[in-house]
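Novice: Would you mind keeping the following structure in view while I ask a few things?
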Amino acid sequence: MVRFLGYCSETQHVVKPYDGKLVWADVRQRLLCFVYLTNFFLHYILSTDASCQPQWTRRYQIIKGICEGVYYLHQLRIIHMDLKPQNVLLDDHMVSRIADFGLSRRLSGSQSRAITENKLGTLGYMAPEFIHNGEITFKTDIYSLGVIIMEIIMGH
(Lines give C-alpha, C1' and ligand atoms only; values in the text may rest on other atoms or scores of the structure.)
Protein backbone atom coordinates (compact mmCIF):
# COMPACT_ATOMS: atom_id res chain seq x y z
CA MET A 1 0.00 0.00 0.00
CA VAL A 2 1.08 3.57 -0.54
CA ARG A 3 2.18 5.02 2.80
CA PHE A 4 -0.03 7.78 4.21
CA LEU A 5 1.99 10.76 5.45
CA GLY A 6 -0.69 13.09 6.81
CA TYR A 7 -3.55 15.38 6.00
CA CYS A 8 -4.82 18.95 6.17
CA SER A 9 -8.43 19.74 6.97
CA GLU A 10 -10.24 23.05 6.70
CA THR A 11 -13.87 23.89 7.37
CA GLN A 12 -15.47 27.14 6.21
CA HIS A 13 -18.91 28.38 7.16
CA VAL A 14 -20.57 29.86 4.08
CA VAL A 15 -24.04 30.86 2.95
CA LYS A 16 -25.40 28.55 0.25
CA PRO A 17 -28.73 28.45 -1.58
CA TYR A 18 -30.80 25.42 -0.60
CA ASP A 19 -34.43 24.72 -1.49
CA GLY A 20 -35.07 28.37 -2.41
CA LYS A 21 -33.52 29.69 0.83
CA LEU A 22 -30.10 30.78 1.97
CA VAL A 23 -28.64 28.54 4.67
CA TRP A 24 -25.36 28.31 6.58
CA ALA A 25 -23.31 25.35 5.42
CA ASP A 26 -20.07 23.81 6.57
CA VAL A 27 -17.81 23.37 3.56
CA ARG A 28 -15.07 20.88 4.39
CA GLN A 29 -11.94 20.53 2.33
CA ARG A 30 -9.38 17.83 2.96
CA LEU A 31 -5.98 17.21 1.48
CA LEU A 32 -4.40 13.78 1.90
CA CYS A 33 -0.63 13.43 1.58
CA PHE A 34 0.99 10.17 0.50
CA VAL A 35 4.58 9.17 -0.15
CA TYR A 36 5.70 10.08 -3.69
CA LEU A 37 6.57 7.13 -5.93
CA THR A 38 8.89 8.00 -8.81
CA ASN A 39 8.21 5.01 -11.03
CA PHE A 40 5.07 4.12 -12.99
CA PHE A 41 1.64 2.61 -12.78
CA LEU A 42 1.57 -1.10 -13.52
CA HIS A 43 -0.77 -0.18 -16.39
CA TYR A 44 2.03 1.82 -18.03
CA ILE A 45 4.47 -1.10 -17.79
CA LEU A 46 1.90 -3.50 -19.29
CA SER A 47 1.01 -1.14 -22.15
CA THR A 48 4.60 -0.80 -23.44
CA ASP A 49 5.85 -2.98 -26.27
CA ALA A 50 7.05 -6.52 -25.60
CA SER A 51 10.75 -5.58 -25.65
CA CYS A 52 10.23 -3.34 -22.59
CA GLN A 53 8.27 -5.89 -20.54
CA PRO A 54 9.82 -6.94 -17.22
CA GLN A 55 11.66 -10.27 -17.00
CA TRP A 56 9.84 -13.21 -15.42
CA THR A 57 11.54 -12.83 -12.03
CA ARG A 58 10.47 -9.17 -11.90
CA ARG A 59 6.91 -10.10 -12.95
CA TYR A 60 6.81 -12.65 -10.13
CA GLN A 61 7.95 -10.00 -7.63
CA ILE A 62 5.26 -7.60 -8.86
CA ILE A 63 2.57 -10.30 -8.53
CA LYS A 64 3.86 -11.30 -5.10
CA GLY A 65 3.77 -7.68 -3.93
CA ILE A 66 0.18 -7.21 -5.07
CA CYS A 67 -0.85 -10.49 -3.39
CA GLU A 68 0.83 -9.43 -0.13
CA GLY A 69 -0.93 -6.06 -0.30
CA VAL A 70 -4.34 -7.66 -0.85
CA TYR A 71 -3.66 -10.13 1.98
CA TYR A 72 -2.75 -7.24 4.30
CA LEU A 73 -5.94 -5.36 3.40
CA HIS A 74 -8.09 -8.43 3.93
CA GLN A 75 -6.50 -9.04 7.35
CA LEU A 76 -7.78 -5.55 8.22
CA ARG A 77 -11.17 -6.56 6.74
CA ILE A 78 -10.82 -4.00 3.93
CA ILE A 79 -12.06 -4.84 0.44
CA HIS A 80 -10.40 -2.58 -2.16
CA MET A 81 -13.23 -2.87 -4.74
CA ASP A 82 -11.23 -1.37 -7.64
CA LEU A 83 -8.06 -3.40 -8.09
CA LYS A 84 -6.68 -2.84 -11.57
CA PRO A 85 -3.27 -2.03 -13.11
CA GLN A 86 -4.00 1.72 -12.95
CA ASN A 87 -4.29 1.39 -9.14
CA VAL A 88 -1.01 -0.48 -8.66
CA LEU A 89 2.02 1.77 -8.42
CA LEU A 90 5.63 0.61 -8.70
CA ASP A 91 8.42 2.23 -6.67
CA ASP A 92 12.10 2.67 -7.63
CA HIS A 93 12.75 -1.03 -7.05
CA MET A 94 9.58 -2.10 -8.91
CA VAL A 95 7.89 -3.01 -5.60
CA SER A 96 4.09 -3.00 -5.95
CA ARG A 97 2.00 -0.50 -3.99
CA ILE A 98 -1.79 -0.60 -4.02
CA ALA A 99 -3.41 2.84 -4.34
CA ASP A 100 -6.81 4.54 -4.75
CA PHE A 101 -9.07 3.42 -1.92
CA GLY A 102 -11.99 5.60 -3.02
CA LEU A 103 -14.37 2.64 -3.47
CA SER A 104 -13.03 0.43 -0.68
CA ARG A 105 -15.24 -1.04 2.04
CA ARG A 106 -14.42 -2.22 5.54
CA LEU A 107 -16.46 -5.12 6.86
CA SER A 108 -17.26 -5.33 10.56
CA GLY A 109 -15.80 -8.17 12.62
CA SER A 110 -18.74 -10.55 12.15
CA GLN A 111 -19.61 -9.50 8.61
CA SER A 112 -18.49 -11.75 5.74
CA ARG A 113 -20.28 -9.94 2.92
CA ALA A 114 -22.24 -6.83 2.02
CA ILE A 115 -24.79 -6.03 -0.66
CA THR A 116 -24.91 -2.75 -2.56
CA GLU A 117 -26.91 -1.24 -5.38
CA ASN A 118 -24.02 1.11 -6.25
CA LYS A 119 -22.03 -1.04 -8.63
CA LEU A 120 -19.04 1.23 -9.12
CA GLY A 121 -15.71 -0.05 -10.36
CA THR A 122 -13.99 -0.95 -13.60
CA LEU A 123 -15.63 -3.44 -15.95
CA GLY A 124 -13.29 -6.26 -16.79
CA TYR A 125 -11.98 -6.31 -13.22
CA MET A 126 -15.35 -6.57 -11.45
CA ALA A 127 -16.37 -9.98 -10.12
CA PRO A 128 -19.51 -11.47 -11.75
CA GLU A 129 -21.33 -11.80 -8.40
CA PHE A 130 -20.75 -8.09 -7.80
CA ILE A 131 -22.01 -7.12 -11.27
CA HIS A 132 -25.11 -9.31 -11.07
CA ASN A 133 -26.08 -9.17 -7.37
CA GLY A 134 -24.09 -6.29 -5.87
CA GLU A 135 -22.48 -8.84 -3.53
CA ILE A 136 -19.23 -7.67 -1.90
CA THR A 137 -16.91 -10.25 -0.33
CA PHE A 138 -13.17 -10.70 -0.09
CA LYS A 139 -13.53 -12.85 -3.21
CA THR A 140 -14.42 -9.65 -5.09
CA ASP A 141 -10.79 -8.52 -4.80
CA ILE A 142 -9.47 -12.01 -5.52
CA TYR A 143 -11.29 -12.03 -8.86
CA SER A 144 -9.71 -8.66 -9.77
CA LEU A 145 -6.33 -9.94 -8.61
CA GLY A 146 -6.67 -12.95 -10.92
CA VAL A 147 -7.35 -10.70 -13.90
CA ILE A 148 -4.29 -8.58 -13.05
CA ILE A 149 -2.10 -11.69 -12.69
CA MET A 150 -3.23 -12.92 -16.12
CA GLU A 151 -2.38 -9.52 -17.64
CA ILE A 152 1.08 -9.53 -16.04
CA ILE A 153 1.77 -13.07 -17.27
CA MET A 154 0.50 -12.33 -20.78
CA GLY A 155 2.24 -8.94 -20.89
CA HIS A 156 -0.85 -6.85 -21.71
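Novice: Only residues that are in contact with a helix residue (DSSP H, G or I) (Cβ under 8 Å, 6 or more places away or on another chain) and either more than 17 Å from residue 143 (Cα to Cα) or not assigned by TED's automatic domain parsing to the domain that holds residue 139 (or both): list them for the range 78-92, please.
Specialist: Selection gives 89, 90.
Novice: Sticking with this one: Output yes when any residue across the range 89-96 is in contact with an Asp or Glu (Cβ under 8 Å, 6 or more places away or on another chain) and not polar (S, T, N, Q), and no when none is.
Specialist: no
Novice: Which of the residues spanning the range 117-143 are among the charged types (D, E, K, R) and assigned to a loop (DSSP other than H, G, I, E, B)?
Specialist: 117, 119, listed by residue number.
Novice: Let me ask something additional. Looking at the range 93-120, which of its residues are touching a helix residue (DSSP H, G or I) at 6+ places or on another chain (Cβ under 6 Å) and either closer than 15 Å to residue 134 by Cα or polar (S, T, N, Q) (or both)?
Specialist: Hit for the range 93-120 is 96, nothing else.
Novice: Out of 109, 121, which single residue is surrounded by fewer than 17 Cβ atoms within 10 Å (Cβ to Cβ) and not hydrophobic (A, V, I, L, M, F, W, C)?
Specialist: Answer to the selection: 109.
Novice: Still on this model: Enumerate the pairs (first residue in the range 118-136 and free of Cβ contacts under 8 Å to residues at least 60 places away in the same chain; second residue anywhere and of a type in the set (Phe, Trp, Tyr)) with beta-carbon separation below 6 Å, excluding pairs fewer than 6 apart on the same chain, so at least 6 apart or on different chains.
Specialist: What qualifies is 127/143.
Novice: Here is a further query. Pick out the one residue from 134, 65 that is closer than 15 Å to residue 41 by Cα and small (Gly, Ala, Ser).
Specialist: Just a single option satisfies the conditions, and that option is 65.
Novice: Show me the strands (runs of 3 or more DSSP E) found entirely inside the range 1-116 where at least 1 residues are of a type in the set (Asp, Glu) and at pLDDT below 90.
Specialist: Where strands (runs of 3 or more DSSP E) fall fully within the range 1-116 and carry at least 1 residues being of a type in the set (Asp, Glu) and at pLDDT below 90, they are 4-18, 21-34.
The values are calculated or read from the model by the stated rules, or taken from the named source; none is laboratory data. From a predicted model like this one, the values you see are computed outputs, not experimental measurements. Because the Cβ atoms are built from the backbone with ideal geometry, glycine has one as well, and the counts that use them run over all protein chains shown.
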